[in-house]
């Protein structure tokens, strides 16, 4: 691999190597041929069944729930390769896995796990994760969506915005405040409730190949047994985000690798002034700085993966990996685009598409500024939010 400067990938075990190779081949077959046209048209790609066949829905969960029982580095490698294809494809997998399935697996009853997890893993049903609100994005601990218990039902009121897969989902893991102000999760079967509607956001410039929308609840009635009883506070929702941010860290690394590989190959093939532009000092400087930052990001990400596997990764460490890797990917993409010159802005290459998607990655699942404050609080002991 052109990006494996410290031979990290040569140390993968056999399962990890298989996951890396099979996902890469899957992306070449199902994503690369059509993703540019999907991005230009703004029509999301439909790869749900293909992702399910790949095992990209819930691969970290036990086989009895439809998963593959993979370790966290294998999961990260899968996310990295999917995002090389496009962020919209990776997000289809990680919403289903990191957010929806993880919430049910961690906070649901055995009955809920058996009912939903295998169907989510097989792609029979799709999920969304309803947390952000129109007036509460970063300030989500003050969410306004609420529910109350009435006889054997939950009555839900509120709205959720910036929800991936909103209108397409069969179930949504909704986070809302109960009558005692405690935030809990609820599994909402969105196709089977009244006084509910969902919409899809139009005219997005980023994540154009996936669905993003809004959910509205107006005295919506859900059976009481849909409550995730083991969820007790906003901290439990953040535990789901930890897995999601971990996936973003690996995905952003994939974008950086893809952009660097494109720039390196182009610089070797492109001739100016009688020689490949790779022979020019300023081009080499750009390439060297790119591979240096990618290598540092790889070392960080693999270490966080090891900590995740041993259940020792802290909220703050995952936050740093997400923030760092997205910023690295932004920098690498910008430099790579310059190496390609005018060709870098055309749809013959993926760099500009990745650059636009990175504008979403730096915002969602915690803005860059919020992640800075997470690390700041951790090292100083002072909350600056």
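The values are calculated or read from the model by the stated rules, or taken from the named source; none is laboratory data. If you're wondering where the values come from, they're calculated on a predicted model, not measured in any experiment. All Cβ positions, even for glycine, are placed from backbone atoms using ideal geometry, and neighbour counts span all protein chains on display.
One table, with the values for the structure above:
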quantity	calculated
Of the criteria (1) buried (at least 20 other Cβ atoms within 10 Å of the Cβ); (2) within 20 Å of residue 240 (Cα to Cα), which one residue 368 fails	(1)
Search result, residues across segment 239-279 that are outside any helix (DSSP H, G or I) and touching a strand residue (DSSP E or B) at 6+ places or on another chain (Cβ under 8 Å)	270
Any chance residue 300 is out of contact with any strand residue (DSSP E or B) (no Cβ under 9 Å at 6 or more places or on another chain), within 19 Å of residue 267 (Cα to Cα) and crowded, with 17+ Cβ neighbours inside 10 Å	no
Filter pass, residue 338 being over 14 Å from residue 254 (Cβ atoms), surrounded by fewer than 23 Cβ atoms within 10 Å (Cβ to Cβ), modelled with pLDDT of 95 or more and not assigned by TED's automatic domain parsing to the domain that holds residue 44	yes
Residue 318 being farther than 30 Å from residue 280 by Cβ and surrounded by fewer than 20 Cβ atoms within 10 Å (Cβ to Cβ)	no
Matching entry among 125, 149 (being surrounded by fewer than 22 Cβ atoms within 10 Å (Cβ to Cβ) and assigned to a strand (DSSP E or B))	149
Segment 126-148, residues that are at pLDDT 95 or above and out of contact with any strand residue (DSSP E or B) (no Cβ under 7 Å at 6 or more places or on another chain)	126
Residue match in segment 267-282 (condition: under 19 Å from residue 359 (Cα atoms) and either in contact (Cβ under 8 Å) with a residue 24 or more places away in the chain or surrounded by fewer than 21 Cβ atoms within 10 Å (Cβ to Cβ) (or both))	no
Residue that is modelled with pLDDT under 95 and crowded, with 19+ Cβ neighbours inside 10 Å, where the choices are 91, 45	45
The listed residue being over 19 Å from residue 290 (Cα atoms), under 24 Å from the mean Cα position of the chain (by Cα) and assigned to a helix (DSSP H, G or I), out of 379, 374	374
Options 154, 82, 117: the member that is in contact (Cβ under 8 Å) with a residue 60 or more places away in the chain, within 19 Å of residue 244 (Cα to Cα), surrounded by 22 or more Cβ atoms within 10 Å (Cβ to Cβ) and touching a helix residue (DSSP H, G or I) at 6+ places or on another chain (Cβ under 8 Å)	82
Qualifying strands (runs of 3 or more DSSP E) (wholly inside segment 158-218; at least 1 residues being out of contact with any helix residue (DSSP H, G or I) (no Cβ under 9 Å at 6 or more places or on another chain))	171-177, 196-200
Among the residues listed as 14, 21, the single one being over 30 Å from residue 288 (Cβ atoms), surrounded by fewer than 15 Cβ atoms within 10 Å (Cβ to Cβ), out of contact with any strand residue (DSSP E or B) (no Cβ under 9 Å at 6 or more places or on another chain) and not assigned by TED's automatic domain parsing to the domain that holds residue 201	14
Per-region count, segment 342-368, residues without any contact (Cβ under 8 Å) to a residue 24 or more places away in the chain and part of a helix (DSSP H, G or I)	4
Residue 303 vs. criteria free of Cβ contacts under 8 Å to residues at least 40 places away in the same chain and farther than 28 Å from residue 59 by Cβ	no
Candidate set from segment 220-238 (those that are under 23 Å from the mean Cα position of the chain (by Cα) and in a helix (DSSP H, G or I)); member that is surrounded by the most Cβ atoms within 10 Å (Cβ to Cβ)	237
Filter result for the condition that a residue is more than 21 Å from residue 48 (Cα to Cα), outside the structural domain of residue 39 (by TED's automatic domain parsing) and crowded, with 19+ Cβ neighbours inside 10 Å, over 213, 137, 185, 164	185
The listed residue being at pLDDT below 95 and assigned to a helix (DSSP H, G or I), out of 40, 73	40
